[in-house]
Structure formats: C-alpha cells, structure tokens
Amino acid sequence: MMMLLYMVFTLFISSSSGMAVLTMPIFGSLAVIVGVPGKEIVNAYLFGMGIMSLITPTGIMLPSLDIASVSVKAWLRFVYPLMIMLIIVSMAFLVVGVF
C-alpha cells in the first residue's frame, strides 16, 4: 500500500529528496508502530519513485521522447505492460521483505 501511495505522491512532488524529507518522518514513525522494518519503507519509496519515473512528465522524459521522435501516446502504450510487471514484482519483494 505504501508503494502505491509513493506512486501517487510522485505525481505531485517531482523531487526525490523533497519527497523523502516530507514523507519519511511520517511513514517511518508509522512503520515503527506497526512493526514494519525500516528498510522496507525505503524500498517502497524507491520502487514507487522508480516505476513512476517512466511516465511522470517531469525531468528528462518529454525532451527524450521529442529527440527520439516518439509520441507520448506510443510511449505510454509501450511502457504500461512493463509498469504492471514491475509493480507486481516490486510488491512481491516488499511482501517477502516484511516477512
């Protein structure tokens, strides 16, 4: 669930360090309360940010697509199956890491 929250937060906060400063104190405290290891909080953060970097229109994605003459629609059609696979694998790693 935390990875999905980080994926949503990535749409609004493009800076990875800024998001860490804003969310880690809250999620870290909640993780201690419910008994989730701290490393899994960081993994959820990294997985969520990494997956969303494939489609977030900040940074270098749009200029790169323009240089390669690839439309955003074609890119999204290409990357969605990859994103689904990455989400499933990341969730599996997070579940294994917690237990």
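None of the figures in this text is laboratory data; all of them are computed from the coordinates on show. These numbers were taken from a predicted model, which means no experiment stands behind them. For neighbour counting, all protein chains shown are included, and Cβ atoms are generated from backbone atoms with ideal geometry for every residue, glycine included.
Output the direction-averaged projected area (hull surface divided by four) of the convex hull of the alpha-carbon atoms of the stretch 2-98, in nm². Kindly include the intermediate steps, with their values, before the conclusion.
Details: hull surface 25.1 nm².
Here the figure is 6.3 nm², rounded to one decimal.
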Original post:
Peptides 18-24, 81-87, 47-53: what's the order by average Cβ count within 10 Å, highest mean first?
Top reply: 47-53, 18-24, 81-87
Original post:
Which value in nm describes the separation of the simple spin-label points at Tyr80 and Lys39, placed 7 Å from the Cα toward the beta carbon?
Top reply: 3.6 nm
Subject >> Rel. contact order, % - alpha carbon contacts under 8 angstrom, at least six apart, the chain >> reply: 34 percent
